[in-house]
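Take a look at the structure below.
Derivation of every value follows stated rules applied to the coordinates shown; laboratory data play no part. Quantities reported herein were computed from a predicted structural model and do not represent experimental measurements. Cβ atoms come from the backbone with ideal geometry, glycine included; neighbour counts cover every protein chain shown.
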Amino acid sequence: MKTDIQPDIQAALLQKLARAPVDPGVYLMKDPEGAVIYVGKARSLKKRLAAYFNRGAQPDLKTGVLVSKIASFDTIVTRTEKEALILESNLIKRHRPRYNVILKDDKRYPALRLNVEHPYPTLSIVRKIRKDEALYFGPFASAGAVRQTLKIVNKTFKLRKCTDREFKTRTRPCLNCQMQGCLAPCCRDIDRATYDEMVNEVILFLKGRAPDLVRKVRNDMVAAAQAEEFERAAQLRDKMFALEKTIERQIAVTTDLKDRDVIVAARGEDVSLVTLLIVRGGFLQGSRHFVFADSIATDVELIRAFIGQYYEDALHVPGELLVAEMPDDSDLLAEWLHSRHGRRVRILRPLRGEKARLIELARQNADKELQERLAASASQRSLLEGLQRRLRLRRLPRRIECFDNSNIGGTAAVAGMVVFEDAKAAREAYRKFRIRAAGQPNDYAHMAEVLARRLRADGRESPLPDLLMVDGGKGQLNIALEVIRDLGLEDAFDVVGIAKKDETRGETADKVFQPGRANPVNWGREGRLLLFLQSIRDEAHRFAITYHRRERNRNALESALDAVPGVGRQRKAMLLKHFGGIQNIRAATPQELASLPGMTIKTAEALLQALGETTG
């Protein structure tokens with residue numbers, strides 16, 4: 001075995017390999033601390049493990065890196081290889097092993113939700129796809145893409161635009177109706193069959209069936225003209241033209257008008273990605289890129305892992321998946337997709353014709369995206385190296401955390417922590433802090449509390465930063481240093497404070513202070529480094545201010561409700577849940593408030609009077 005495993009560990013692994021079963025199943029590789037670092041499946045566990053540990057095995061360089069980290073392994077026998085595939089997927093999600101290909105959650109991608117349970121459905125943009133009775137379309141590659149799609153739908157179809165709450169309380173048609181953009185079912189008696197037909201057309205459009213929809217609208221137009229319903233025929237003509245313009249902007253890539261996804265992988269030195277081209281009805285709908293850092297997987301392993309994870313809970317699985325590299329267990333994957341989604345799915349590796357040209361198109365997109373990401377990564381690396389050099393930091397600041405407080409006179413005192421990893425905002429790592437020792441406007445005490453809560457071992461849910469920033473001058477910096485000394489973390493990371501410029505003193509730039517230096521940092525010709533730190537500070541300020549305003553409004557609302565006779569804890573919760581916030585309750589009429597369970601006109605009027613006194 002050509003790896004750097006210690007002889008005693010190697011001997012133990014070979015002994016365990018000799019006892020490994022020949023059955024199908026899953027194996028879990030573990031490091032010396034017992035953490036699972038890789039999960040795999042095999043038709044024969046003994047044969048698969050032998051490829052890692054037999055003396056005659058010659059693992060490639062990247063597999064050798066994995067093998068050198070293995071101290072032990074466990075096996076789980078299954079009855080069939082399909083059961084092993086399912087178990088492998090579950091174990092990867094549970095353990096998130098370091099050396100497996102792990103597809104990031106799609107929760108940050110927007111989607112369109114059609115609430116078909118409502119008598120008059122409407123579309124809304126959502127970030128989380130729930131397991132409810134609604135229809136979801138997407139996810140889309142960006143917020144701009146989903147907004148553009150929604151704009152086209154709103155311009156072409158007359159679905160209602162108001163929220164469910166507005167639908168219940170609206171008493172007259174809104175501007176959308178006056179501009180012929182909505183049928184106004186909130187106020188008018190709209191035939192359900194007519195509205196349902198329009199909803200079905202929207203579903204066809206969002207499923208990529210625009211050509212089918214154009215044919216349907218054209219047939220309806222001809223039928224209306226023959227029935228001498230010329231006004232309706234003209235409306236259908238305008239809709240048909242709008243849909244045809246939308247199709248003209250799409251790219252036709254196949255002549256058979258089928259749905260298919262195209263999947264290719266591209267690799268750089270430190271990053272790999274999978275590119276997905278989405279083809280619906282023969283038209284290219286768009287592309288998405290999924291990045292995997294420091295992956296040891298080959299192209300075919302990337303594609304196999306992507307198929308298993310992406311399509312496990314996908315909203316729509318097309319009838320064909322075109323791949324650049326064919327996984328060994330493609331038949332098993334296709335069978336699993338069929339059992340998962342109830343429809344036949346073929347996995348193909350085309351070598352000629354239209355489908356092969358789709359593979360080449362996807363590969364061109366993947367190579368372009370990879371080069372752009374490598375260039376961006378190099379730029380970010382240069383930025384961080386410049387920051388390390390100018391501030392004389394002990395390590396490259398790959399993880400930067402910045403803290404900012406926000407309060408008014410000590411009330412609604414909160415703090416925000418933002419995180420930048422490799423020079424990019426890591427929003428999933430942001431944290432909010434509600435100040436426990438609130439009541440007085442003492443920013444130093446608030447900062448000390450927040451830093452202690454973040455850095456204490458019992459509150460350390462995420463890794464320590466390479467660079468910690470506090471929004472403020474020398475005073476805030478000294479507070480941070482005091483907390484860090486008390487926790488024994490002086491050598492764990494570097495600390496700086498950043499303060500706004502004082503224009504009354506002729507200062508032209510914000511100031512960055514470091515421990516042990518009386519004067520702020522002189523940036524010379526590297527002003528871009530200061531701009532980068534300013535952008536992090538501004539993001540922390542925005543995050544903290546947003547949280548403070550929400551807390552202040554909530555406190556104001558609760559204080560006002562507490563003073564209203566007849567409004568207790570349950571009614572308060574009901575009002576907040578129904579209206580969503582103080583502004584919506586203030587905007588409601590006494591009749592709207594009184595229509596809620598347990599509310600009366602008298603109580604509603606008293607509530608509105610109390611809220612009016614808290615305005616501003």
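The alpha-carbon of Lys158 sits under 15 angstrom from the alpha-carbons of these aspartates and glutamates, leaving out residues fewer than 8 places away in its chain: Asp189, Asp191, Asp196, Glu197, Glu201, Asp238. Past 30 Å, Cα to Cα: identify those pairs from Lys93/Lys131; Lys47/Lys258; Lys128/Lys155; Lys16/Lys82, in the order given. Distance filter (> 30 Å) returns Lys47/Lys258. A DSSP coil position with no more than 16 other Cβ atoms inside 10 Å describes the following trypsin sites (Lys or Arg not before Pro) in segment 315-347: Arg343, Arg344. One decimal place: the segment Lys46-Thr163 gains 36.3 nm when fully extended, by the rule 0.36 nm per residue minus the C-alpha distance. Amide H contacts under 5 Å for Arg346: Glu320, Leu321, restricted to partners 5 or more places along the chain or on a different chain, H placed in the peptide plane at 1.01 Å from N.
Taking other C-beta atoms within 10 angstrom as a stand-in for reagent exposure, Asp261, Asp443 fall in the order Asp443, Asp261, fewest first. Straight-line cross-link partners of Lys511 among the lysines, defined as a Cα under 18 Å from its Cα and at least 8 positions apart when in the same chain: Lys474, Lys500, Lys501.
Here the dipole of the chain is about 200 debye; that uses its Cα centre as origin and unit charges on the Cβ of Lys and Arg (positive) and Asp and Glu (negative).
Taking other C-beta atoms within 10 angstrom as a stand-in for reagent exposure, Asp212, Asp259 fall in the order Asp212, Asp259, fewest first. Listed cross-link partners Lys577/Lys602; Lys207/Lys355; Lys161/Lys602; Lys168/Lys602 are compared with a 26 Å cut-off, the Cα-Cα value being larger for Lys161/Lys602.
Considering only His95, Gly353, Ala445, the residue lying farthest towards the positive end of the dipole of the chain is Ala445, judged by Cα position with unit charges set on Cβ. Between Arg215 and Arg398, the distance separating the two model label sites (each 7 Å from Cα on the Cα→Cβ line) works out to 5.4 nm. Between Lys151 and Ala573, the contour length at 0.36 nm per residue exceeds the Cα-Cα span by 148.4 nm.
Here's the list of aspartates and glutamates a cross-link from Lys69 could span, going by alpha-carbon distance under 16 Å and ignoring same-chain residues fewer than 8 apart: Asp4, Asp8, Asp31, Glu33, Asp60, Asp294. Name the shape class, rounded, prolate or oblate, that the alpha-carbon gyration tensor gives for segment 399-550, where a ≥ b ≥ c are the square roots of its eigenvalues, rounded holds for a/c under 1.5, and otherwise prolate holds if a/b is larger than b/c and oblate otherwise. Rounded, because the longest to shortest axis ratio a/c is under 1.5.
Sparsely packed loop sites in segment 454-552 (the trypsin sites (Lys or Arg not before Pro) outside DSSP H, G, I, E and B with at most 15 other Cβ atoms within 10 Å) comprise Arg456, Arg460, Lys500, Lys501, Arg517, Arg525.
Label-to-label distance for Arg549 and Lys474 is 3.5 nm, based on points extended 7 Å past Cα in the beta-carbon direction. Computed from phi, the 3J(HN,Hα) profile of segment 345-360 under the Karplus parametrisation 6.51, -1.76, 1.60 (θ = phi - 60°) reads 10, 9, 10, 10, 10, x, 10, 7, x, 4, 5, 5, 5, 5, 4, 5 Hz, with x in place of Gly and Pro. Were the residues from Glu372 through Glu117 laid out at 0.36 nm apart, the gain over their Cα-Cα distance would be 87.5 nm.
Residues whose amide H comes within less than 5 Å of that of Val495, counting only those at least five positions distant or on another chain, are Leu468 (H built at 1.01 Å from N in the peptide plane). In terms of the Cα gyration tensor, with a ≥ b ≥ c the square roots of its eigenvalues, is segment 76-152 rounded because a/c is under 1.5, prolate because a/b exceeds b/c, or oblate? It comes out prolate by the Cα gyration axes. Between the entries [x] -0.24, -1.32, -1.58; [y] -0.34, -1.31, -1.34; [z] -0.36, -1.13, -1.23, the label attached to log10 I(q)/I(0) by the Debye sum over Cα atoms at q = 0.05, 0.11, 0.12 Å⁻¹ calculated for this structure is [y].
Distance between the modelled labels on Ala193 and Ser379, one decimal in nanometres: 5.8 nm (7 Å Cα→Cβ projection). Close amide H contacts of Asp404 (hydrogens built in the peptide plane, cut-off under 5 Å, sequence separation of 5 or more or a different chain): Gly416. For segment 423-502, GluC sites (Glu not before Pro) are listed when DSSP marks them as loop and at most 16 other Cβ atoms sit within 10 Å of their Cβ; the list is Glu461, Glu490. Count Lys and Arg as plus one, Asp and Glu as minus one, and take only other residues whose Cβ is under 12 Å from that of Arg170; the net charge is then +3.
Sort Thr275, Thr149, Thr78, Thr589 so that the residue with the fewest other Cβ atoms within 10 Å of its own Cβ comes first and the one with the most comes last.
Ascending number of Cβ neighbours within 10 Å: Thr589, Thr78, Thr149, Thr275.
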